[in-house]
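The values are calculated or read from the model by the stated rules, or taken from the named source; none is laboratory data. Everything quoted here is computed from the prediction, not taken from an experiment. Every residue, glycine as well, gets a Cβ built from its backbone with ideal geometry; the counts of neighbours run over all protein chains shown. Heads up: the accessible areas ignore ligands, DNA and RNA and are worked out on the full protein's heavy atoms, side chains in. Shrake-Rupley method; radii C 1.70, N 1.55, O 1.52, S 1.80 Å.
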Amino acid sequence: IDNGLYNNSDIFTHLNKFNLGPIFIGNNHITDIKFGIKSTVEKIENKNYKYFGAGINVKEARKAALCSDVNEYCLLGFGWSVIGCKPVRNNKEGVNPFYTKHVIKSVNNCIKNFPDHRVVIVIHGNYEFEKYPQPAHRQLSKELIDLGVYSVIFHHPHIVGPVEQYKGHTIAYSLG
């Protein structure tokens, strides 16, 4: 084990008791250890889970995760480089970058390719212990809803943040 945190893969024994959907892995600590994304993806795929938000290359990091309950969902995940999420580069593992133009392009592709799915955006963003969303994040979230996104969910600040309804859709600015 390199320096950094390590979670034992025995966690899957406990997680298997739940009906889990795709796992978001695009955060600022996924690359703390060498090949952190690769080893995480191997463990996740070994247990037949889907993942999104990061990958071992650009194609993998940008892919949407599809899942369903009574509805069909298309999940897209992004990580903000300002807080240490290392963007994926060509053949170097990393997080799907949270850049406005890239997010909008990804959303439009998802809506085009999966018109019957509810698009949910998950973003690892904002500063630790920040009580309020960044104004640009609020603006983009509303723009995404206007484009047809079902919900936008942020996490990272280590505290629960505000939640708002915009045109009947939920924007959660920090799950904690």
Legend entry - 0 to 90° range, to nearest 10: angle between helix 36-46 axis and the chain longest Cα axis: 90 degrees
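Return a whole-number percent for the relative contact order of the chain, with Cα pairs under 8 Å and 6 or more residues apart as the contact set.
Numbers: 360 pairs, mean separation 28.4, N = 176.
Relative contact order here is 16 percent.
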Inset, instruction - Treat every Asp and Glu Cβ in the chain as -1 and every Lys and Arg Cβ as +1, leave all other atoms uncharged, and give the resulting dipole magnitude about the Cα centre to the nearest 20 debye. - result: 420 debye
Legend entry - Amide H within-cut-off set for Tyr166, under 5 Å, with H built and near neighbours excluded: Ile171
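Largest first, what is the accessible-area ranking of Lys17, Lys142 with a 1.4 Å probe? Walk me through the numbers on the way to the answer.
Working: Lys17 150, Lys142 55 Å².
Greatest to least solvent exposure: Lys17, Lys142.
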Legend entry - Sequence-distant residues sharing a close amide H with Tyr51 (under 5 Å, placed H): Ile23
Inset, instruction - Using every Cα-Cα pair within the stretch 21-170, state what percent have a distance larger than 25 Å. - result: 25 percent
Inset, instruction - Using the heavy atoms of the protein chains and a 1.4 angstrom probe, tell me the accessible area per residue for the chain in square angstrom. - result: 58 Å²
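Where does the charge balance sit around Ile145 when Lys and Arg score +1, Asp and Glu -1, over other residues with C-beta under 14 Å from its C-beta?
Numbers: positive: Arg118, Arg138, Lys142, Lys167; negative: Glu143, Asp146, Glu164.
That sum, taken over residues with Cβ under 14 Å, equals +1.
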Legend entry - Degrees separating the helix 100-113 axis from the principal Cα axis of the chain, which is the longest one: 90 degrees
Inset, instruction - Amide H neighbours of Arg118 under 5 Å, at least 5 residues apart or on other chains, H built in the peptide plane: list them. - result: Glu72, Tyr73, Cys74
Inset, instruction - Take the alpha-carbon centre of the stretch 42-85, take the same for the stretch 18-39, and report the distance between them in whole Å. - result: 9 Å
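If we count every other residue with Cβ under 11 angstrom of Asn28's Cβ, Lys/Arg +1 and Asp/Glu -1, where does the sum land? Can you show the working numbers first?
Values: positive: Lys86; negative: Asp32, Glu128.
Taking every other residue near Asn28 into account, the sum is -1.
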Inset, instruction - Specify the angular offset, from 0 to 90 degrees and rounded to the nearest 10, of the alpha carbon long axis of helix 135-147 from the longest principal axis of the alpha carbons in the chain. - result: 70 degrees
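Counting only protein heavy atoms, what percent of the accessible surface of the chain is carbon or sulfur at a 1.4 Å probe? Please report the intermediate quantities before stating the final value.
Details: 5220 of 10160 Å².
Answer for the chain: carbon and sulfur cover 51 percent of the accessible area.
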Legend entry - By accessible area with a 1.4 Å probe, ligands and nucleic acids excluded, highest first: order of Thr31, Thr170, Thr100: Thr100, Thr170, Thr31
Legend entry - Sum of -39500 (n - 2.57) over DSSP H runs of 4+, divided by residues of the chain (222 nm, nearest 500): -8000 deg cm²/dmol
